[in-house]
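To keep things clear, I will list the structure first and then write my remarks on it.
All of the numbers you see were taken from the coordinates with simple rules; none came from a lab. Everything numeric here is computed off the predicted structure, so don't read it as measured data. Note: ideal-geometry Cβ built from the backbone for every residue, glycine included; neighbour counts use all protein chains shown.
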Amino acid sequence: MTSRNAETSFERRPADWVGVGEAQRRILADAAPLAAEEVDLERSQGRVLAAPLVAAAALPPWDNSAMDGYAVRAADVRSASGVRPVELRVVGRIHAGDEAAPEIGGGEAARIMTGAPLPPGADAIVRVEDTDAETGAPDRVAVKAAVEAGRYVRPAGQDFRAGDEVLKAGPTVTPGVVALAAALGRTRLDVHRCPSVALLATGDELRTAERYEDVISGMAIPESNTPMLSAMVRDAGAVVGKVGLAPDDRDEILAHVERAAEDDVLVTIGGASMGEADLVKRVLDGAGFRQIFWRVRIRPGSPFSFGYLEHGRRLQPVFGLPGNPSSAFVTFELFVRPFLRRLAGHRRCFRPTEQLTAGEELRGPLDLAAYLRVRIDRSMEPTTARLTGPQGSGLVRGLALADGLAVLPEGVGTIAAGAPVTVIMLNGNGSAEVG
């Protein structure tokens, strides 16, 4: 326990009380994508491409048929119609993967399958359904529709040619990017490294599931923050590093902080305010913490902080989250997640928002920005956002029910039922189910 006379620079430091936008700006000011690493193609999905993709061969590698039909000379069937079909001699059959194809002369055609190479002499494809499919006479086909040169032909290099830069660095690897890389013959990709995040929860009152009997007996509260934040770290595209739970003891907290030094980012949970047992900031100050700001004009989560710890030549970003679960959830979403996305190289760091309709009156403090957990009902028009239930910062059930965070900006203490409201989307497009 810290004596009231044992003041630190933290205790003497006034709160900054920055707005949400300013806090996000300061956090992202020096954030840059981490270095690249090469990974197997099957492990690249969701990562960010760190180097352009260049084609070593053309695709398609040859002119090929886009239809099952007949390869012809367009000039030979210029007058063909259903009333006056043009008869051609069939000189062969061509399948996808065939290495050789017969040359097509005047008055000739070749049966061809989708993807098969266009034979020499042919310049168009007639669909099977525009012919008699050789039912009139052996090796003869009646063409019932004219085609122009190039019809139903996929030209060589239509997608890309050898030497083309087919994709610049920067996009997130999606299944489509995986398909493109495979078409380029790539089995590995250069992607930005995922940041590793250390999580440190503090508090004598916390119990993990192994000691849940203390919660049942009313002697403690469950430690739900590190499991929740571990999931949020992974959802942001980062990896979970060291995870610790420390009592309200300086030496224990410092030991956890030192063990987390190798991780890219440290997130502390709890001990963020000014109580005598709120030791995290005091321990960080003693370790040389460079605070960028402390306290944000937000509810829940105002005692949030951001700064850096120096480890040799490396500065480790440190986020200080409040200990109440809903406060930790909201501040991670607004401040930590965008930072991790930027480190991983993502261009879009923030969650999408939607303009919805308040399904009930929404209230918040007039002098703070409020972020309310809401469920989204898309079962009828207009799409509405309703509270998940009580909004206390120590509650967790609403986090499981929330599709989004309804935003009440500073100076807007109330949004009336039926009025528009901005909602930060948490789970895709939200749910159409209520109840």
**Prompt:** Ranked from highest to lowest mean number of other Cβ atoms within 10 Å per residue, what is the order of the peptides 305-311, 418-424, 194-200?
**Reply:** 194-200, 305-311, 418-424
**Request:** Taking each pair of different alpha-carbon atoms in region 260-384 once, compute 1/r for the pair, average those values, and report the inverse of that mean as the Kirkwood hydrodynamic radius in Å to one decimal.
**Result:** 16.5 Å
**Request:** Using the Karplus curve 6.51 cos²θ - 1.76 cosθ + 1.60 with θ = phi - 60°, work out ³J(HN,Hα) for each residue of region 368-379 in order, rounded to whole Hz, and write x for Gly and Pro.
**Result:** 10, 7, 10, 10, 9, 6, 9, 9, 10, 10, 9, 6
**Prompt:** Most fluctuating residue of ASN225, ASN64, ASN324 in a GNM of the chain with Cα springs under 10 Å: which is it?
**Reply:** ASN64
**Message:** Can you say what percent of the DSSP beta bridges in region 340-430, counting only those with both residues inside, are antiparallel? Round to 5.
**Reply:** 90 percent
**Fill in**
So, over other residues within a Cβ distance under 14 Å of ARG337, counting Lys, Arg +1 and Asp, Glu -1, the net charge is +3
**Request:** Rounding to the nearest 20 debye, state how big the charge dipole of region 353-425 is about its Cα centre with +1 on each Lys and Arg Cβ and -1 on each Asp and Glu Cβ.
**Result:** 260 debye
**Message:** To check you understand DSSP bridge types, tell me what percent of the beta bridges within the chain (both residues inside) are antiparallel, rounded to 5.
**Reply:** 70 percent
**Item:** Alpha carbon centroid spacing (whole Å) that separates region 202-272 from region 321-355
**Value:** 18 Å
**Complete:** Here region 25-41 yields Karplus 3J(HN,Hα) values (6.51, -1.76, 1.60; θ = phi - 60°; whole Hz; Gly and Pro given as x) of 4, 5, 5, 8, 4, 10, 6, 9, x, 6, 4, 7, 9, 9, 10, 4, 4
**Message:** Please arrange THR202, THR388 by how many other C-beta atoms lie within 10 Å of their C-beta, fewest to most.
**Reply:** THR388, THR202
**Asked** What trypsin sites (Lys or Arg not before Pro) in region 355-434 are in a loop by DSSP, with at most 16 other Cβ atoms within 10 Å of the Cβ?
**Response** ARG378
**Amide H partners (placed H, <5 Å) of VAL243, local residues excluded** = LEU199
**Prompt:** In region 64-154, how does Rg compare with the Kirkwood Rh, expressed as the Rg/Rh ratio over alpha carbon atoms?
**Reply:** 0.92
**Request:** Could you pull the Cα extents of region 353-425 along its three principal axes, largest to smallest, in whole Å?
**Result:** 33, 26, 19
**Request:** Return the Cα extents of the chain along principal axes one, two and three, sorted largest first, each rounded to a whole Å.
**Result:** 105, 54, 42
**Item:** Under 26 Å from the Cα of LYS281 - lysines, other chains or at least 8 residues apart
**Value:** LYS242
**Complete:** Other residues with Cβ under 10 Å from the Cβ of GLY107 give, with Lys and Arg +1 and Asp and Glu -1, a net charge of -1
**Fill in**
per DSSP, antiparallel bridges as share of beta bridges in region 186-251, % nearest 5, sits at 0 percent
**Message:** Taking amide H atoms as placed 1.01 Å from N in the peptide plane, list the residues 5 or more away in sequence, or in a different chain, whose amide H sits under 5 Å from that of ARG297.
**Reply:** VAL18, GLY19, VAL20
**Message:** Within a 10 angstrom radius of the beta carbon, how do VAL72, VAL39 rank from fewest other beta carbons to most?
**Reply:** VAL39, VAL72
**Complete:** Amide H proximity to ASP164 below 5 Å, modelled H, separation 5+ or other chain, gives ALA55
**Item:** Order of ILE269, ILE253 - criterion: other Cβ atoms within 10 Å of each residue's Cβ, fewest first
**Value:** ILE253, ILE269
**Item:** Length-normalised contact order of the chain in % [C-alpha pairs under 8 Å, at least 6 apart]
**Value:** 16 percent
**Asked** Looking only at GLU134, GLU360, GLU38, which one moves most when the chain is put into a Gaussian network model with springs between Cα atoms under 10 Å?
**Response** GLU134
**Item:** Under Karplus coefficients 6.51, -1.76 and 1.60, residue-wise ³J(HN,Hα) of region 159-167 in Hz, glycine/proline x
**Value:** 7, 6, 10, 4, x, 5, 7, 8, 7
**Message:** How high is the relative contact order of region 1-121? Use alpha-carbon pairs under 8 Å, at least six apart in sequence, and give a whole percent.
**Reply:** 24 percent
**Request:** Quote the charge dipole size of the chain about the Cα centre in Debye, to the nearest 20; the model charges only the Cβ of Lys and Arg (+1) and of Asp and Glu (-1).
**Result:** 780 debye
**Request:** For every other residue with a beta carbon closer than 13 angstrom to the beta carbon of GLY21, add +1 if it is Lys or Arg and -1 if Asp or Glu, then tell me the sum.
**Result:** +1
